[in-house]
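Bear in mind these aren't lab numbers, they're just calculated from the coordinates by the rules spelled out. Only a predicted model underlies this, so the values are computations on that prediction, with no experimental measurement involved. Cβ atoms come from the backbone with ideal geometry, glycine included; neighbour counts cover every protein chain shown.
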Amino acid sequence: MDALIVVDMQVGLLNGATKHDLPSVIDRINSLSSMIRKGGGKVVWIRHCGKVNDGFERGTPGWEFLPELGRHDDDLVVEKTLNDPYVGTPLAELLARMRPRRVLVAGWATDFCVDATVRSTVSHDHHVVAVSDAHTLSDRPHLPAKAIIAHHNWLWSDLLTNRTCHRSLDKRAPRRVARLQVLQDGRCGSETLAGNHAEEDLIRIRSSSRPVTPASAHAHLSL
């Protein structure tokens, strides 16, 4: 089974500057959540518990999850206080018990908590897939959001892990990023992911023990 970690998709993110492509990101997260559940996996919602008056204080409106999210009663919620959702939380233990085949990561914000989640999940020796069109942020003073998203998608695709260290000379070693537009095809356990993107950004994702095959216009995610 697979697990999906969704980071900090809370009402408080609506404060401040507009978040890049937010409605579509929410739609993709909902579609991915449904796919994970159909495949027998678990969705883990990370909730940031902030300080007084920072927009994410526990029990305030900003602390709540966005109402557009398709959450289920049997999903899991992990509350954090830092960027890294593993610090001082049961997330590592939960994933260790699940033993997921892959851990997909999505959410907000790309350059803070999503980045910390991707890196820490890799460090916990999971096979990680950062869903590259299911994370978002606002423009920063030095770069537009779209450029930051592209940079992190590139960066995450080449992180060193215990898995890649063992196969560093294998050019077929699986990358950890895919730019995905989810299209439900109604079949449990198999979904089609498509988009018109450059070859290096669109890949066929399999389990960590199988080779990865680049594709120019289509990819398939076998759950």
Self-check item: Under the Karplus curve 6.51 cos²θ - 1.76 cosθ + 1.60, θ = phi - 60°, whole-Hz ³J(HN,Hα) for region 113-118, x wherever Gly or Pro sits
Solution: 6, 5, 4, 4, 5, 4
Practice problem: Out of all DSSP beta bridges with both ends in region 2-179, state the antiparallel percent to the nearest 5. | Solution: 5 percent
Quiz prompt | Lysine pair count for region 2-179 [Cα-Cα under 28 Å; pairs on different chains or 8 or more apart] | solution = 8
Quiz item: residue 137's amide H: which non-local residues (gap 5+, or another chain) put their own amide H closer than 5 Å, with H modeled 1.01 Å from N in plane and none for Pro or chain starts?
Solution: 20, 110
Self-check item: Zero-based 5 Å bins, Cα pair distances in region 2-179, whole percents
Solution: 1, 8, 18, 21, 22, 16, 8, 3, 1, 0, 0
Practice problem: Within 10 Å of each residue's Cβ, count the other Cβ atoms and sort 68, 79 from fewest upward. | Solution: 68, 79
Self-check item: Table column - 3J(HN,Hα) (Hz), region 63-74, Karplus curve with 6.51, -1.76, 1.60, x for Gly and Pro
Solution: 6, 6, 6, 4, x, 6, 6, x, 8, 10, 4, 8
